[in-house]
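Chemist: To start, I am sharing the structure in question, which I have written as structure tokens.
The values are calculated or read from the model by the stated rules, or taken from the named source; none is laboratory data. Worth saying up front: this structure is predicted, and the values here are computed from it rather than measured. Please note: Cβ atoms are built from the backbone with ideal geometry, for glycine as well, and neighbour counts cover all protein chains shown. In case anyone asks, the SASA skips ligands and DNA or RNA and just uses the protein heavy atoms, side chains included. Shrake-Rupley method; radii C 1.70, N 1.55, O 1.52, S 1.80 Å.
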Amino acid sequence: MDTTYDKALMTPAAAWGAVASMALCVSVLIASEFMPVSLLTPIAGDLGLTEGQAGQAISISGLFAVITSLTVARLTRGIDRKLVLDGFSWMLIISGALVAFAPNYAALMLGRALLGVAIGGFWSMSTAVVMRLLPVADVPRGLAMLNAGNAIAATIAAPLGSYLGDIIGWRGAFFLVVPLALLALIAQRMTLPALAAPRREAVSGNVFRLLLRPQVALGMASILLLFMGQFALFTYLRPFLEQVAGFSVPTLSLVLLLMGLAGVAGTWCVGLVLRSRLYSIVIAIPVVMAAIAGLLVAFGAMPLPVGILLFAWGFFGTAAPVAWGTWLSRALSDDAEAGGGLQVATIQLAITIGAAAGGILFDSAGWASTFALAGFLLLGSALFAIAGSINGRRQQ
């Protein structure tokens with residue numbers, strides 16, 4: 001990949017300001033993607049849907065994010081990357097307005113599909129853009145800043161959505177995305193420099209070639225099952241907490257907030273040990289999360305154990321993307337744009353399948369079957385991570 005970029009034209013402060021503007025946009029993107037988790041019940045009631053059908057609002061955004069992440073580099077050849085990122089930010093703004101004023105299920109799905117395009121495109125290019133903005137030694141810190149935006153969004157999206165939905169309705173909660181996204185776009189326009197498209201030969205038309213590397217294939221399989229399991233369960237937390245654990249809306253909002261705060265703590269803690277314990281962490285996280293899913297099935301009707309278990313779920317679940325992002329920077333340091341696209345596609349495909357399968361089971365067989373599925377998928381993720389660890393050590 002071409003590495004002769006505009007770094008020489010930027011001061012260190014300007015470069016970090018540009019990365020911060022991207023982190024702000026990431027926060028709004030992720031908050032928008034997961035806000036339906038805490039608003040499934042009112043969305044379903046207003047539009048005449050089941051909770052499982054409303055949960056597909058997450059699945060559809062994941063599906064379009066997959067398609068976009070696999071094709072964006074090829075479709076945007078020759079276009080200034082600043083303009084491309086601006087375009088995805090505009091899509092985020094339009095999506096928020098469409099969802100907020102959706103008169104029916106079809107309009108809701110259209111808005112969420114447009115959000116998926118924005119997520120897949122922005123995330124796919126984020127690693128490569130950060131590598132262009134910062135010196136090599138500072139790239140890990142830049143990527144950590146993006147992950148911090150992710151963690152913050154994961155912290156506030158569900159509890160804030162639940163709280164605001166109770167006060168101004170689910171439509172009002174979604175409309176708040178619009179001014180936040182506009183702020184992120186303005187910050188981006190002010191701080192990002194012009195970023196000429198990579199040389200034609202640096203843009204691959206086939207990211208799947210990376211799967212020919214055994215370490216990459218095993219890692220992506222583990223990522224796929226991890227996020228499938230995580231979102232098969234996480235997507236349906238609100239109806240579970242209301243219908244099974246018996247939480248009121250204020251208590252539910254508090255639990256979701258504590259989950260998010262636990263996630264911030266988990267992100268910080270995992271960053272301290274990733275350098276020396278990368279594979280141990282990517283193996284341990286899904287094992288612990290599978291155990292939590294099983295314990296939720298066993299103690300689902302007991303509010304205090306449920307609250308403690310979900311706190312632990314937030315701690316480990318939010319740390320997982322940081323661990324796998326570090327793995328990507330090591331395993332695919334020679335092909336960051338293609339690797340970023342493949343990883344985003346894998347994660348979004350996993351979210352799509354996990355949320356869809358979880359919704360089908362939730363409607364047809366009950367919440368316990370959805371949570372059990374999540375546990376089995378998470379154990380599968382751990383097995384692939386073990387295999388990847390063995391392969392990685394052989395190559396060292």
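Chemist: Sorting check: for 339-349, 319-329, which peptide has the highest mean count of neighbouring beta carbons within 10 Å, and how do the rest follow? Show your work: numbers first, answer last.
Modeler: Values: 339-349: 25.4, 319-329: 22.5.
The peptides rank, most packed first, as 339-349, 319-329.
Chemist: Could you give me the percent of Cα pairs per 5 Å distance bin for segment 164-261, shortest bin first, beginning at zero and ending with the bin that holds the maximum distance?
Modeler: Distribution as computed: 2, 9, 9, 11, 12, 12, 15, 13, 9, 6, 2, 0 percent.
Chemist: If R₀ is 25 angstrom, what is the calculated FRET efficiency for the pair residue 297 and residue 167, using the beta carbon separation as r and rounding to 0.05? Walk me through the numbers before you get to the answer.
Modeler: Working: r = 33 Å, r/R0 = 1.31.
After rounding to 0.05, the efficiency reads 0.15.
Chemist: Can you find, among 212, 234, 357, the residue sitting farthest towards the positive end of the charge dipole of the chain, where Lys and Arg contribute +1 and Asp and Glu -1 at Cβ?
Modeler: 212
Chemist: Quick one: if you stick a label point 7 Å off each Cα along the C-beta vector at residue 386 and residue 107, how many nm between them?
Modeler: The modelled label-to-label distance comes out at 5.2 nm.
Chemist: Let me ask something else. Of the peptides 117-124, 284-291, how do they stack up when ordered by the mean number of other Cβ atoms within 10 Å, highest first?
Modeler: Values: 117-124: 27.1, 284-291: 20.5.
Packing proxy ranking, top to bottom: 117-124, 284-291.
Chemist: Another one. When the convex hull of the Cα atoms of segment 252-330 is projected onto a plane and the area is averaged over all directions, what value comes out in nm²?
Modeler: On the way: hull surface 20.4 nm².
Directional mean of the projected Cα hull area for segment 252-330 stands at 5.1 nm².
Chemist: Residue farthest toward the positive end of the dipole of the chain, with Cβ of Lys/Arg at +1 and Asp/Glu at -1: which of 323, 27, 260?
Modeler: Selected residue: 323.
Chemist: Let me ask another. Let me test this: with uniform point scatterers at the alpha carbons of segment 14-97, what is the Debye-based log₁₀ I(q)/I(0) at q = 0.14, 0.15, 0.22, 0.26 1/Å?
Modeler: -0.62, -0.70, -1.15, -1.34
Chemist: Calculate, for residue 53 and residue 190, the FRET efficiency according to 1/(1 + (r/R0)^6) with r their C-beta to C-beta distance and R0 41 Å; round to the nearest 0.05. Walk me through the intermediate numbers first.
Modeler: Numbers: r = 41 Å, r/R0 = 1.00.
Computed FRET efficiency for residue 53 and residue 190 comes out at 0.50.
Chemist: How do 86, 166, 80 rank by accessible surface area computed with a 1.4 Å probe, from largest to smallest? It would help to have the intermediate numbers written out before the result.
Modeler: On the way: 86 10, 166 100, 80 40 Å².
Reading off the accessible areas and sorting them downward yields 166, 80, 86.
Chemist: How large is log10 of I(q)/I(0) for segment 49-129 at q = 0.17, 0.21 Å⁻¹ when the intensity is taken from the Debye formula with one equal scatterer per alpha-carbon?
Modeler: Once normalised to I(0) and log-transformed, intensities are -0.65, -0.89.
Chemist: Dipole size in debye (nearest 20) for the chain around its Cα centre, Lys and Arg Cβ +1, Asp and Glu Cβ -1?
Modeler: Using Cβ point charges on Lys, Arg, Asp and Glu, the chain gives about 940 debye.
Chemist: In percent, how large is the relative contact order of segment 45-121, given Cα pairs closer than 8 Å and 6 or more residues apart? Each step should come with its number before you reach the end.
Modeler: Working: 76 pairs, mean separation 38.0, N = 77.
Reported as a whole number, the value is 49 percent.
Chemist: Compute the orientation-averaged projected area for segment 282-396 from the convex hull of its Cα atoms and round it to one decimal in nm².
Modeler: Mean projected area of the Cα convex hull: 7.7 nm².
Chemist: Running Debye on segment 103-170 with equal point scatterers at the Cα sites and no solvent, what base-10 log of I(q)/I(0) appears at q = 0.15, 0.22, 0.26, 0.27 Å⁻¹?
Modeler: Result of the Debye calculation: -0.71, -1.02, -1.11, -1.13.
Chemist: Enter the angle in degrees (range 0 to 90, nearest 10) between the Cα long axis of helix 336-365 and the first principal axis of the Cα atoms of the chain, meaning the one along which they spread out most.
Modeler: Tilt of helix 336-365: around 10 degrees.
Chemist: Pick out, from 243, 193, 120, the residue whose Cα sits farthest towards the positive end of the charge dipole of the chain, with +1 on the Cβ of Lys and Arg and -1 on the Cβ of Asp and Glu.
Modeler: Comparing the listed Cα positions along the dipole, 193 ranks first.
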